[in-house]
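Structure first, then comments.
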Amino acid sequence: MNMSRVQTAGAIDCDVHPPTPRRADLLPYLDDYWTEIVTSREVDVLELMGYPERTRPYMRPGWEWTDDPLTQMQKNLLDPLGLECAILNVVSGAHALFDPYLAAAICRATNDWLADKWLDRDHRLRASMLVPLQNVEAAVEEIERRAGDKRFVQILTLAMTELPLGRRTYWPIYEAAERHGLPIGIHAGSNFRHAPSHSGFHSFLIEDHVVQPQGFSTQVASLIAEGVFTKYPNLKTVLIESGVTWMPALMWRMGKDWRGTRIEVPWVKDAPGDIIRRHVRMTSQPFDGPDDIEDVAKSLDHLLSDDMLLFSSDYPHWHYEGMDVLPEGLPEAKLNKILRDNVLATYPRLGD
């Protein structure tokens, strides 16, 4: 019997990528006005510049998209791993559109496309909801429109956004998210409103990969310092494709500095590390643990929590060979929590 299937049977995969829909995919879900707009403007390939999904390492050899990507996903991932559920994340160029009204239309159409072409066709699938952060009022409207469909279990945004995510501009989104039991999924990527590094723009894709944790740490620090988790105590945030081993250093550094500067943020009553352990979760792929598998458990112990890691395959990205989807060295005693228990505790709508 396939050991990968034995280990992952009944697991919930928190990061699976369908192909980003193109104009032809979205046209049936756009009204006449937006159909004319996306056609006349030649809005078609909605890929982010730093997320070219059809190139390595984003597309694993042998997993290139076919004319029926759902059947392909079932064959390559859902069936071999025996998954109970998988959460679809569309990292779309809608995140980066400057036109806030077009962004809202693309997000609505993408959510409708997900429901129709994916969720309706396989009962194991769930999805993250796209909302236009460029247009907060429209984002809340989209949350309310889709909230009744419990197959949408999360709201998706990027690690590098126009404003830090803690800013009050976004709080109406968090109010709606908390009310409907929707975590905020922060996915690796940038809308390129700013340089993705603190020293400017990169020359190569590898540089973009290396600095992604800076974007994630900026968002975590912003959410804590601005008081989002104080205002919305039941809100969870999931860092998707963030890596793991940088987080203990952020906990330590922010906790140390908070003790000396907390007069600025009197609403932050608890140590930042404690807030992070309550509200922040991370997906398991890509895993950035040490090469020595005996040190993997030690690196996870530095989190001081068994609740923070969530299983993900990051399908169809190329992080492992065969079906060895679990990072080598994960402690056996923690696997059930990582594969299922932590996920169910993070996504309350999965239990509905």
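The values are calculated or read from the model by the stated rules, or taken from the named source; none is laboratory data. Source: prediction; values computed, not measured. Virtual Cβ from ideal backbone geometry, glycine too; neighbours counted across all protein chains shown. Just so you know, the surface numbers come from the protein's heavy atoms only, side chains and all, with ligands and any DNA or RNA stripped out. Shrake-Rupley method; radii C 1.70, N 1.55, O 1.52, S 1.80 Å.
When you scan the stretch 241-352 for helices (runs of 4 or more DSSP H) that lie fully inside it, which ones turn up with 2 or more residues that are more than 30 Å from residue 53 (Cα to Cα) and either of a type in the set (Asp, Glu) or open to solvent by less than 60 Å² (accessible area, probe 1.4 Å) (or both)?
Ranges flagged: 247-261, 272-279, 293-301.
Just one of (1) among the hydrophobic types (A, V, I, L, M, F, W, C); (2) part of a helix (DSSP H, G or I); (3) under 26 Å from residue 314 (Cα atoms) trips up residue 224, so point out which.
(3)
Regarding residue 58, is this residue touching a His at 6+ places or on another chain (Cβ under 8 Å) and surrounded by 14 or more Cβ atoms within 10 Å (Cβ to Cβ)?
Yes.
If you scan the stretch 11-28, which residues turn out to be in contact with a helix residue (DSSP H, G or I) (Cβ under 7 Å, 6 or more places away or on another chain) and in a loop (DSSP other than H, G, I, E, B)?
11, 18, 19, 21
Only one residue in 153, 91 is closer than 30 Å to residue 7 by Cβ, assigned to a loop (DSSP other than H, G, I, E, B) and either touching an Asp or Glu at 6+ places or on another chain (Cβ under 9 Å) or open to solvent by less than 50 Å² (accessible area, probe 1.4 Å) (or both). Which one?
Going through 153, 91 in turn, just one is closer than 30 Å to residue 7 by Cβ, assigned to a loop (DSSP other than H, G, I, E, B) and either touching an Asp or Glu at 6+ places or on another chain (Cβ under 9 Å) or open to solvent by less than 50 Å² (accessible area, probe 1.4 Å) (or both): 91.
Which one of these does residue 229 not meet: (1) surrounded by 23 or more Cβ atoms within 10 Å (Cβ to Cβ); (2) touching a strand residue (DSSP E or B) at 6+ places or on another chain (Cβ under 7 Å); (3) not in a strand (DSSP E or B)?
(2)
Starting from the stretch 233-254, take each residue that is modelled with pLDDT under 95 and list its partners that are open to solvent by 40 Å² or more (accessible area, probe 1.4 Å) and aromatic (Phe, Trp, Tyr), counting only C-beta distances under 8 angstrom and pairs at least six apart or across chains.
243/287; 244/287
Do you know which residues across the stretch 111-137 are within 16 Å of residue 182 (Cβ to Cβ) and either in contact with a strand residue (DSSP E or B) (Cβ under 8 Å, 6 or more places away or on another chain) or open to solvent by 10 Å² or more (accessible area, probe 1.4 Å) (or both)?
111, 114, 115, 119, 126, 127, 128, 129, 130, 131, 133, 136
Give the residues of the stretch 138-150 that are open to solvent by 30 Å² or more (accessible area, probe 1.4 Å) and of a type in the set (A, V, I, L, M), sorted by residue number.
140
With the requirement that a residue be closer than 13 Å to residue 108 by Cα and exposed (fewer than 12 other Cβ atoms within 10 Å of the Cβ), what does the stretch 20-42 give you?
Within the stretch 20-42, just 31 meets the criteria.
Return the only residue of 185, 181 being open to solvent by less than 40 Å² (accessible area, probe 1.4 Å), closer than 24 Å to residue 284 by Cα and either in a strand (DSSP E or B) or aliphatic (A, V, I, L, M) (or both).
Just one listed residue meets the conditions, 185.
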